[in-house]
1. For segment 318-335, check the following and say yes or no: at least one residue is touching a His at 6+ places or on another chain (Cβ under 8 Å), modelled with pLDDT under 85 and not hydrophobic (A, V, I, L, M, F, W, C).
2. For a quick check of your reading of the model, give me the residue pairs whose first member lies in segment 69-91 and is assigned by TED's automatic domain parsing to the domain that holds residue 107 and closer than 16 Å to residue 137 by Cα, whose second is part of a loop (DSSP other than H, G, I, E, B) and β-branched (Val, Ile, Thr), with beta-carbon atoms closer than 8 Å and at least 6 apart or on different chains.
3. For segment 44-95, what are the residues that are among the polar types (S, T, N, Q), farther than 26 Å from residue 155 by Cβ and outside any helix (DSSP H, G or I)?
4. Yes or no: segment 211-230 includes at least one residue that is at positive phi and under 19 Å from the mean Cα position of the chain (by Cα).
5. Quick one: residue 124 ticks every box in (1) closer than 23 Å to residue 192 by Cα; (2) touching a strand residue (DSSP E or B) at 6+ places or on another chain (Cβ under 6 Å) bar one, so which box is it?
6. Residue 266: in contact (Cβ under 8 Å) with a residue 24 or more places away in the chain, farther than 24 Å from residue 43 by Cα and not in a helix (DSSP H, G or I), yes or no?
7. What about residue 119, is it surrounded by fewer than 16 Cβ atoms within 10 Å (Cβ to Cβ), small (Gly, Ala, Ser), modelled with pLDDT under 95 and closer than 30 Å to residue 258 by Cα?
8. Is it the case that residue 219 is buried (at least 16 other Cβ atoms within 10 Å of the Cβ), touching an Asp or Glu at 6+ places or on another chain (Cβ under 7 Å) and either of a type outside the set (Phe, Trp, Tyr) or more than 18 Å from residue 94 (Cα to Cα) (or both)?
Amino acid sequence: MCSATIPIQSQGSRAPERGTHTQDISGADHGASLSESIGESPSWKHVLEQVEIVAATGSAVLILGETGTGKELVARALHQMSARHEHSFVAMNCSSIPAGLLESELFGYERGAFTGAVSQNIGRFELADRGTLFLDEIGDFPLELQPKLLRALQEHEFERLGGRRTIRADFRLVAATNRDLEQMVAKGLFRNDLYYRLNIFPIEIPALRHRTKDIPALAWHFTRRYAQRMGRRIESIRTEDLAALSRHSWPGNIRELQNFIERSVILSKDNVLQLPLEELNRARTDARPAVRTLAEVEREHIMQTLRETDWVVGGPHGASALLGVKRTTLLDKMRRLGIARRTA
């Protein structure tokens, strides 16, 4: 075979030992150690810095990002790095529980509170006492229950359904969403006071298409993991295959890449990873590009350049130099297009 291949171990990292937390932050198993996270792109390094800054505090954190970027994994990393790491990490997906059951899931209920309540049930708030409560897809939380959620988050007090006793719980809140909460507030779909309570320290997780230089390392990582699990001996990946992975847009982000690599390991018959690249080519062909305005295209191009320079605007290595415009011109464009870095 003429194609060049790159040995998997040439990245300078060994396969993770049992009990380490390498996988979690990059898109896999639970438990996370940021010191062992995968990714060298400026946008990803900024995420790691933000997590390290806020982890030791008790402040609420709002994790923003597209589906599949690993928001829950970042939440678990926050928990593991906090003083609460010896206590429970309690996660609840607000979009996966019917609205009629969401209240009882969060607050718990007493026996006889409603038909079918044959025993007392402890809710997520109580389970997270002294630990971390992670509310995923918080943008899907029903509007009619948001006042009760806000009170519990502010006071750390609540009553079980059908109960009269006030219960206190000491939990650290981490929420996540792939929706634009500011826009939802403007449309009256999300309470502004709840949004302000959640948005104390926002962390935006970049989409994988904005972390192209991290894709080869992530591909190696997932290949090692699945090869080990399946008892396969895969030692290398073709350079042109890695380039193809880096060119793909990955609309499903790290989750999509992870599943694609798992499928590739299953298909591999020798020690070179066999990637079904025709699937990626077919996905690009089938995708119908949306019509975008020039302003939208310009805004996205500027945003991507700013992420790659870690939001440095001026200087020889700043975004203005890469875009070939003056610093003042770029700042004017940023104001006109509404581009501003999210800060805590």
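The values are calculated or read from the model by the stated rules, or taken from the named source; none is laboratory data. All values derive from a computational prediction rather than experimental measurement. Positions of Cβ are backbone-derived with ideal geometry, glycine not excepted, and every protein chain shown enters the neighbour counts.
1. No, that holds for no residue.
2. Here the result reads 69/205; 70/205; 71/205; 74/205, each pair linking segment 69-91 to a residue that is part of a loop (DSSP other than H, G, I, E, B) and β-branched (Val, Ile, Thr).
3. Keep residues of segment 44-95 that are among the polar types (S, T, N, Q), which gives 50, 57, 59, 67, 69, 80, 82, 88, 93, 95.
Then drop every residue that is not farther than 26 Å from residue 155 by Cβ, which leaves 50, 67, 69, 80.
67, 69, listed by residue number.
4. Residues of segment 211-230 that are at positive phi, as a first pass: none.
Within segment 211-230 (the criterion being at positive phi and under 19 Å from the mean Cα position of the chain (by Cα)), the answer is no, since none of the residues qualifies.
5. (1)
6. Values: in contact (Cβ under 8 Å) with a residue 24 or more places away in the chain: yes; farther than 24 Å from residue 43 by Cα: yes; not in a helix (DSSP H, G or I): no.
Here the answer is no, as residue 266 does not meet what is asked.
7. no
8. no
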